[in-house]
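Have a look at the structure below, then the notes.
The values are calculated or read from the model by the stated rules, or taken from the named source; none is laboratory data. Since we're looking at a predicted model, the values are computed, not measured. A quick note on method: Cβ atoms are made from the backbone with ideal geometry, for glycine too, and the neighbour counts reach across all protein chains shown.
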Amino acid sequence: MFMPTLENQGTEEQQKIYLEAAKRYEIIGCYAQTELGHGSNVRGLETTATYDVNTQEFIINSPTLTSSKWWIGGLGVAANHAMVMARLISNGKDFGPHPFIVQIRDLKTHEPLPGVTVGDIGPKFGFNTVDNGFIMFDNIRVPHIAMMARYSKIDKSTGDYIKPPNSKLAYGTMVFVRANIILESRYVLARAATVAIRYSSVRSQFVDDASPKKIQNSDGSSKIVETPVLDYVMQQYRLFPVIAQAYACHFTALEMHRMYYENQEKMAQGDFSYLADLHASSSGLKSLTTTLGSAGIEECRRACGGHGYSLFSGLGQFYQDTLPKVTWEGDNYILTQQTTRYLLKTFRSVAAGRVAEKDANFSASYMLEYLANPKARCPITQVSDLSNPEVLLAIFKYRAASMVAKAVYNIDVEQKTWNDMLVDIYRISRAHCQLVLVSNFIKAVYGPQAQQTNENRVLQKVAILFAISTMEQEMADFLTSGYVSPEQSLLVKDRSIQLLKELRPDVVALVDAFGFPDYLLQSALGAQDGDAYTRMTRAAELEPLNQKKVADGYEEYIKPFVHGGKDKWKIGKDGIARL
């Protein structure tokens with residue numbers, strides 16, 4: 001966030017001073033927003049930046065213990081500058097949180113500057129390679145140029161506040177960061193799936209009496225062997241959707257980046273029409289994809305059986321280091337309120353006839369379709385109908401729109417409070433973002449730019465699996481929308497099992513396509529050569545506890561108990577004492 005904030009909210013002069021230096025690593029920056037007492041409620045931040053018009057400086061201060069910045073990545077040890085989110089106060093008026101670049105350590109000695117108290121917050125559940133830190137400011141002064149001023153600024157001479165042309169301009173930075181988080185979720189899911197799929201393909205358990213697996217011996221005879229775990233439908237049901245989620249996140253992250261840069265061009269021309277929709281989707285997608293990522297790792301770890309619990313699997317520490325993503329850059333439950341608030345506002349505008357079809361963005365477009373036929377019903381009659389991407393898209397659109405429509409009715413007509421609606425609000429954001437993932441995946445592999453190759457045909461099946469598996473997980477919503485009937489839901493289950501069988505020959509290739517080298521997987525189970533058992537054994541041999549024949553602590557803690565019964569020992573011819 002340090003660099004993106006400079007890039008998106010800094011003036012040319014500020015970028016010349018700070019951004020260029022940061023790119024050369026002459027300054028090391030961090031982004032200091034979260035406080036000990038406030039995280040998700042950005043408006044509640046307590047750190048202040050008071051403008052002194054006489055000296056033309058901002059006074060950065062932490063007025064309370066709870067105003068200390070906390071959990072700031074890179075702050076504990078490394079950073080010498082911080083992008084501090086502080087309440088801008090000028091001429092006695094509070095203008096809310098704004099970003100300020102603040103030097104916090106001496107560039108020569110790296111010691112904290114006077115008025116700065118800084119350190120590491122201590123050990124965490126995971127991610128301990130990152131120096132998350134705390135910082136408090138005691139009325140330190142920074143120059144006028146410290147306030148990021150591309151859009152909003154303080155008049156140097158008068159202290160008057162100059163508003164940005166659009167109140168949502170700061171969203172641009174968050175959209176960029178969240179697009180990267182979606183891409184990271186793809187990485188998380190892909191890495192976990194690679195380990196679990198490769199291991200499941202070499203791990204064999206039980207003989208399938210109904211359809212025993214045989215191998216040919218060199219003499220022409222055959223031998224019945226145990227079944228690879230990956231051939232069991234339950235294992236496929238658990239793991240194949242994780243692969244589909246990885247590809248879905250991949251294509252959506254690419255689309256979000258494309259839209260971000262397109263929006264940047266539009267904003268440069270004074271067109272802010274994309275910004276609200278893009279920010280709303282990026283907020284919900286951050287929540288959804290990081291939730292999928294953490295759940296996906298855990299599913300893959302469990303699917304690896306007992307060996308999945310070993311750190312040698314490469315999944316345990318990886319899981320711990322991934323978990324912060326469900327909280328940072330916006331708590332995954334609270335963040336969805338931004339998405340749903342925008343969707344409700346959009347629905348009201350569409351329902352009031354204030355949005356023309358030609359001007360409709362993605363969200364407004366599917367709401368227009370819903371309002372044109374709110375009593376529509378799903379046309380599928382057989383399993384094969386669920387191979388049609390347009391049918392699946394229509395199902396997801398109707399479900400999302402109907403949930404928004406019901407929420408608008410509950411709030412506007414039934415007068416339900418926002419707090420009473422929070423569970424529905426979370427589910428609406430989830431439904432919208434699942435639609436976005438399905439839509440982008442289908443567009444990528446079925447759209448006009450898609451190549452008609454065998455590889456793409458496999459990806460088309462993966463896209464259908466993503467939609468089908470998502471429907472299975474969220475079937476209650478699809479049924480209550482009224483668009484899908486209970487009888488049709490049974491077809492969804494049947495299509496799911498069909499797809500698992502169809503994709504079985506290609507799943508190893510699908511994870512190999514992610515291209516993870518062994519050094520990055522750090523997994524004895526998921527290495528490219530498939531020699532999981534040799535690698536597990538070798539890893540155990542190298543374990544530090546195994547480097548001595550008698551472990552440390554034996555003499556002090558174990559020997560006294562064992563030697564207490566030495567009168568019962570019998571010494572064998574080999575010199576070994578036994579009972």
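Here are a few things to note about the model shown:
- Filter result for Val492 (within 30 Å of Gln382 (Cα to Cα), in a helix (DSSP H, G or I), at pLDDT 95 or above and more than 26 Å from the chain's Cα centre (by Cα)): yes
- Candidate set from the stretch 339-362 (those that are under 22 Å from Met174 (Cα atoms) and at pLDDT 95 or above); member that is nearest to the chain's Cα centre (by Cα): Thr339
- Residue satisfying condition, being surrounded by 15 or more Cβ atoms within 10 Å (Cβ to Cβ) and outside any helix (DSSP H, G or I), within set Phe251, Phe272: Phe272
- Condition check for Thr194: within 27 Å of the chain's Cα centre (by Cα), in a helix (DSSP H, G or I) and more than 21 Å from Phe100 (Cβ to Cβ): yes
- Failed item in (1) over 26 Å from Asp359 (Cα atoms); (2) free of Cβ contacts under 8 Å to residues at least 40 places away in the same chain, with Leu292 passing the rest: (2)
- Scope the stretch 525-553; condition hydrophobic (A, V, I, L, M, F, W, C) and either touching a Lys or Arg at 6+ places or on another chain (Cβ under 8 Å) or under 27 Å from Ala196 (Cα atoms) (or both); matching residues: Leu525, Ala527, Ala532, Met536, Ala539, Ala540, Leu542
Let's see how each residue does on (1) aliphatic (A, V, I, L, M); (2) assigned to a helix (DSSP H, G or I); (3) surrounded by 12 or more Cβ atoms within 10 Å (Cβ to Cβ):
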position: Ile89; (1), (2), (3): yes, no, yes
position: His98; (1), (2), (3): no, no, yes
position: Thr109; (1), (2), (3): no, no, no
position: Thr117; (1), (2), (3): no, no, yes
position: Phe125; (1), (2), (3): no, no, no
position: Val130; (1), (2), (3): yes, no, yes
position: Lys156; (1), (2), (3): no, no, yes
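- Selection status of Ser281, closer than 30 Å to Lys345 by Cβ and part of a helix (DSSP H, G or I): yes
- Lys559 among the basic types (Lys, Arg), surrounded by fewer than 18 Cβ atoms within 10 Å (Cβ to Cβ) and at pLDDT below 95: yes
- Taking the stretch 53-73 as the range and being surrounded by fewer than 19 Cβ atoms within 10 Å (Cβ to Cβ) and on the phi > 0 side of the Ramachandran plot as the test, only Gln56 passes.
- Restricting attention to the stretch 158-176, the residues that are among the hydrophobic types (A, V, I, L, M, F, W, C) and buried (at least 18 other Cβ atoms within 10 Å of the Cβ) total 4.
- Condition met for Leu315 (in the same structural domain as Val436 (by TED's automatic domain parsing) and more than 30 Å from Arg538 (Cα to Cα)): no
- Residues in the stretch 206-240 that are in a loop (DSSP other than H, G, I, E, B) and either within 28 Å of Gly308 (Cα to Cα) or in contact with a Cys (Cβ under 8 Å, 6 or more places away or on another chain) (or both): Phe206, Val207, Asp208, Asp209, Ser211, Pro212, Glu226, Thr227, Tyr232.
- Taken as a whole, the stretch 456-463 holds no residue that is in contact (Cβ under 8 Å) with a residue 60 or more places away in the chain, farther than 24 Å from Leu491 by Cα and assigned to a helix (DSSP H, G or I).
- Which numbered condition Cys300 misses (of (1) buried (at least 24 other Cβ atoms within 10 Å of the Cβ); (2) part of a loop (DSSP other than H, G, I, E, B)): (2)
- Any hit, the stretch 470-487, residues being closer than 22 Å to Val188 by Cα and surrounded by 16 or more Cβ atoms within 10 Å (Cβ to Cβ): yes
- Flag if Ser313 is within 15 Å of the chain's Cα centre (by Cα) and at pLDDT 95 or above: no
- Considering residues of the stretch 377-426 that are β-branched (Val, Ile, Thr) and in a helix (DSSP H, G or I) only, the residue surrounded by the most Cβ atoms within 10 Å (Cβ to Cβ): Val404
- Checked against (1) modelled with pLDDT under 95; (2) in a helix (DSSP H, G or I), Asp552 passes all but condition (2).
- Looking only at the stretch 1-56, residues that are over 27 Å from Lys93 (Cα atoms), among the acidic types (Asp, Glu), over 28 Å from the mean Cα position of the chain (by Cα) and assigned to a helix (DSSP H, G or I) come to 2 in all.
- Against the test of being closer than 28 Å to Tyr426 by Cα and either modelled with pLDDT of 95 or more or not aromatic (Phe, Trp, Tyr) (or both), the options Gly284, Gly270 yield a single qualifying residue, Gly284.
- Residues that are assigned to a loop (DSSP other than H, G, I, E, B) and touching a residue at least 24 places away in the same chain (Cβ under 8 Å) were ranked within the stretch 350-374; the one that is surrounded by the most Cβ atoms within 10 Å (Cβ to Cβ) is Asn361.
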